[in-house]
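Asker: Below you will find the structure I want to go over with you.
The values are calculated or read from the model by the stated rules, or taken from the named source; none is laboratory data. All values reported here derive from a predicted model rather than from experimental measurement. Cβ atoms come from the backbone with ideal geometry, glycine included; neighbour counts cover every protein chain shown. Side chains included, ligands, DNA and RNA excluded: accessible areas come from the protein's heavy atoms. Shrake-Rupley method; radii C 1.70, N 1.55, O 1.52, S 1.80 Å.
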Amino acid sequence: MRHFLSIAGLSREHLVEILDTAESFAGAGDRAAGKVPLLRGKTVVNLFFEASTRTRSTFELAAKRLSADVLNLDMDTAAVQKGESLIDTLRNMRAMDVDMFIVRHGDSGAAQFIARNVGAGVAVVNAGDGGHAHPTQAMLDMFTIRRCRKDFEGLRVAIVGDIRHSRVARSQIAALNLLGTRDIRLTGPQTLMPAGVEQLGARVFSRMEDGLAGADVVIILRLQRERMRGGFLPSEGEYYRRYGLTSARLALADPAAIVMHPGPINRGVEISSLVADGARSVILRQVAFGIAVRMAVMSLTVSAQISGRAK
Amino acid sequence: MRHFLSIAGLSREHLVEILDTAESFAGAGDRAAGKVPLLRGKTVVNLFFEASTRTRSTFELAAKRLSADVLNLDMDTAAVQKGESLIDTLRNMRAMDVDMFIVRHGDSGAAQFIARNVGAGVAVVNAGDGGHAHPTQAMLDMFTIRRCRKDFEGLRVAIVGDIRHSRVARSQIAALNLLGTRDIRLTGPQTLMPAGVEQLGARVFSRMEDGLAGADVVIILRLQRERMRGGFLPSEGEYYRRYGLTSARLALADPAAIVMHPGPINRGVEISSLVADGARSVILRQVAFGIAVRMAVMSLTVSAQISGRAK
Amino acid sequence: MRHFLSIAGLSREHLVEILDTAESFAGAGDRAAGKVPLLRGKTVVNLFFEASTRTRSTFELAAKRLSADVLNLDMDTAAVQKGESLIDTLRNMRAMDVDMFIVRHGDSGAAQFIARNVGAGVAVVNAGDGGHAHPTQAMLDMFTIRRCRKDFEGLRVAIVGDIRHSRVARSQIAALNLLGTRDIRLTGPQTLMPAGVEQLGARVFSRMEDGLAGADVVIILRLQRERMRGGFLPSEGEYYRRYGLTSARLALADPAAIVMHPGPINRGVEISSLVADGARSVILRQVAFGIAVRMAVMSLTVSAQISGRAK
């Protein structure tokens, strides 16, 4: 695992190794276990072609807790402007002896492209590429589920919202399938379901209530408000009436169900404040675990690069 | 002292503890005593809703000298834009196991609001909130006075300029009162005096010369040029003629008087270059001491959070 | 060598000391030798009045590999905006006990001006000032030449392109002269040759082919596209036809010649992709060596400041 680009292509063993490694960084409670020297002397570059303060911050914190040096490159204002090609930028950065790129890009496949072209010795971690994948988000979700519910087999997981445009959902479904979860339900407006959704290894429910019935895990996706303008949705109010997670709807799920959301949440659009802040919400624990999971991915890929280089 | 939000509410003992702690960071001369490991493994977040390179830099330097990791969040471009509420942003950041927020905000009371909502275990330091308070600036001023003049009792302090809009002046007056200074004089244009100024524990002098007579400490406030547009002032030239600190006016103060200014200075507007660069100016020493004082505030609040958490 | 402002004014011994020191940071291959504690506890400030992600990154990486703390100040949005003079900004930064300024500025002489005014104890390194100098770039070029070709005497060096506007070329010619290279050839459009070029210690060739004949080192300068608008050049295509480095033209040079470029490269404008990516290109090694050379310049100037202060 020299790069971490998408869940697709990984084995169940890969995912379990990431989760187990993250466990060692997550501490006893929800707080991190403090600073470790695993990446001392290494340089991690945040290569963000798309602004995302939240995601950049979690990677920056994870890298610093591993004792790495961090270089933030806002690619809007960088050498790209001077007419340099992306490949030349990568080669230059690599020549500077950096050890890892954290890549966020608006185009699907960008992280793969970079990994193919960056050359040996530099790990690439996908921090979200277009509508394609957001695999560290999916892994922190798996970590949260494992912490709260132990076993993936026999689990009933409902994912609610804009499946079509969600790189998060795509990565979650792939990870759940690998980990043995067989009952995955997708629910949301018809217009926000991807074509060929059945091949993903999940069942589609047009009524949210049917999808929620007896679920152990309810994952609410963020509603991108820009979808409104695309005509995919009539209005936020209408969306909330049909797909907002209220206490009444949550009562349909298993009594011990947990509620997850990748954040940032739109209160009163995809989730009610009562549920978001309620006893079954693990939304903030997801954020906490996100640091540990990113530390795991970063240390595993760097290790793989080093042992690969040694050969 | 789990947070550091304003001088109001603190005791004389609190202020003296900060000054004594800063003394340990300030070194023998004016240079800092080097790096200390007090905040190693801690994460300090600069949460700036209002740009201020100078203030951010001093906090960043202070944090790094305490061996903390620093995360700079420019809140104009952060999650706020995605429609997330401030409280949700805070909860998320807290979930990432950060240890301190340095808050700069254009609204009075913003730091208090954040401290109330951030939850246990995270210290909040006010780096300036609207017209309300700028307490680390006031403390570095107190530190400078104590280094130069020893005793606060019996001291005659003149504060000159735009008292009405100055969070710095408000914090200075509160600190001086707590430390036992009884002779505090405020001078500046009538239009720039706050309503009810007498209740602040200071006397008002409309003629600058009367306010300066025999003063031991002369604090010049920065004239915010945007006040001109508000009709508070006729012109910079007129302001300088009546309230600019010239050598002639400084001669009215005590022969050993020190001249202070929070910076950045407007030469020829509120102070002459001769005075700003003269032997009695301690303006640059204030900057140097500012690092030590901020190191003191940061280490004391983090300590208080840790001992609070242990209970 | 308390500052590093330009090649002019330095002795051959200075340059050799920098190259030898860089050698200790460059490792056996082209990769850096890892982190060293030489600047632990020191603060390096990137004072960039002109955006340059690439140059800022190399200095930031070099500083961090020396274990320094780095403060990035984008001077467009800094105190300058508040009407503070540059000298006041410098004095303030110096009062904060910073140890080094890396200065990038659009005006020739800016780094010198800052070095003259910054006061004792703070080193200034020129990271490019207008059309004047870019001395760390020249030194990394010298380092690359020494690694690849050993001896500077007897070397035939061709510099191709916009000599007139190139601070890089000016610094390269000065360094080559100091190190004993006597055969320096400049070639490029007449309109892009500086007035009085003969006094620089180099010969001018209007036909690129004549300049390349038998050369051991071919340095291609970056064509600033903004020059087109200034009427200095007819078109990129025309430029490439007359001065682009193609395989055919490179065949005129010595069979063991190396090809250098300060980057970022414009493929198909000043150099063909075949040559840029070919066996004789050392362009990416230049980037790698740039970190080691900047580490050398930073550690030497800080050492000189410390021993100067001790006297």
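Asker: Inside the stretch B:277-311, can you point out the residues that are of a type in the set (G, A, S) and either open to solvent by 10 Å² or more (accessible area, probe 1.4 Å) or more than 11 Å from chain C (Cβ to nearest Cβ) (or both)?
Answerer: B:G278, B:A279, B:S281, B:A288, B:A296, B:S299, B:S303, B:A304, B:S307, B:G308, B:A310
Asker: Still on this model: Can you tell me how many residues within the stretch B:249-263 are within 14 Å of chain C (Cβ to nearest Cβ) and open to solvent by 10 Å² or more (accessible area, probe 1.4 Å)?
Answerer: Matching residues across the stretch B:249-263 total 2.
Asker: Is it the case that C:R267 is basic (K, R), in contact with a strand residue (DSSP E or B) (Cβ under 7 Å, 6 or more places away or on another chain) and either surrounded by 15 or more Cβ atoms within 10 Å (Cβ to Cβ) or in the same structural domain as C:T53 (by TED's automatic domain parsing) (or both)?
Answerer: In short, no.
Asker: Next up: Go through C:I291, C:I283, C:I258 for me and flag whichever is farther than 30 Å from C:N46 by Cβ and either under 21 Å from the mean Cα position of the chain (by Cα) or touching a residue at least 40 places away in the same chain (Cβ under 8 Å) (or both).
Answerer: C:I258
Asker: Give the stretch C:242-269 a look and list any residue that's part of a loop (DSSP other than H, G, I, E, B) and under 27 Å from C:A22 (Cβ atoms), or say none.
Answerer: Answer for the stretch C:242-269, where residues must be part of a loop (DSSP other than H, G, I, E, B) and under 27 Å from C:A22 (Cβ atoms): C:A253, C:D254, C:A256, C:A257, C:H261, C:P262, C:G263, C:P264, C:I265.
Asker: Next question, about the same structure. May I ask you to list the residues in the stretch C:196-209 that are assigned to a strand (DSSP E or B) and open to solvent by 50 Å² or more (accessible area, probe 1.4 Å)?
Answerer: C:R203, C:V204
Asker: Take the residues in the stretch B:44-55 that are part of a loop (DSSP other than H, G, I, E, B) and either open to solvent by less than 10 Å² (accessible area, probe 1.4 Å) or not aliphatic (A, V, I, L, M) (or both), then tell me which one is nearest to the other protein chains (Cβ to nearest Cβ).
Answerer: Here the answer is B:S52.
Asker: Of all residues in the stretch A:56-91, how many are open to solvent by less than 20 Å² (accessible area, probe 1.4 Å), in a helix (DSSP H, G or I) and at pLDDT below 90?
Answerer: 4
Asker: Have a look at A:G41, A:G9 and point out the one that is surrounded by 16 or more Cβ atoms within 10 Å (Cβ to Cβ) and under 20 Å from A:V122 (Cβ atoms).
Answerer: One residue alone meets the criteria, A:G41.
Asker: Now for a different question. So which residues in the stretch A:210-248 are under 29 Å from A:E153 (Cβ atoms), open to solvent by less than 60 Å² (accessible area, probe 1.4 Å) and either without any contact (Cβ under 8 Å) to a residue 12 or more places away in the chain or out of contact with any Leu (no Cβ under 6 Å at 6 or more places or on another chain) (or both)?
Answerer: A:G211, A:G214, A:A215, A:V217, A:V218, A:I219, A:L221, A:R222, A:Y243, A:L245
Asker: Scan the stretch A:107-156 for residues that are open to solvent by 10 Å² or more (accessible area, probe 1.4 Å) and of a type in the set (D, E) and jot them down.
Answerer: Residues satisfying the conditions are A:D107, A:D151, A:E153.
Asker: Out of (1) outside any loop (DSSP other than H, G, I, E, B); (2) modelled with pLDDT of 95 or more; (3) not basic (K, R), what's the single condition that is false for B:A279?
Answerer: (1)
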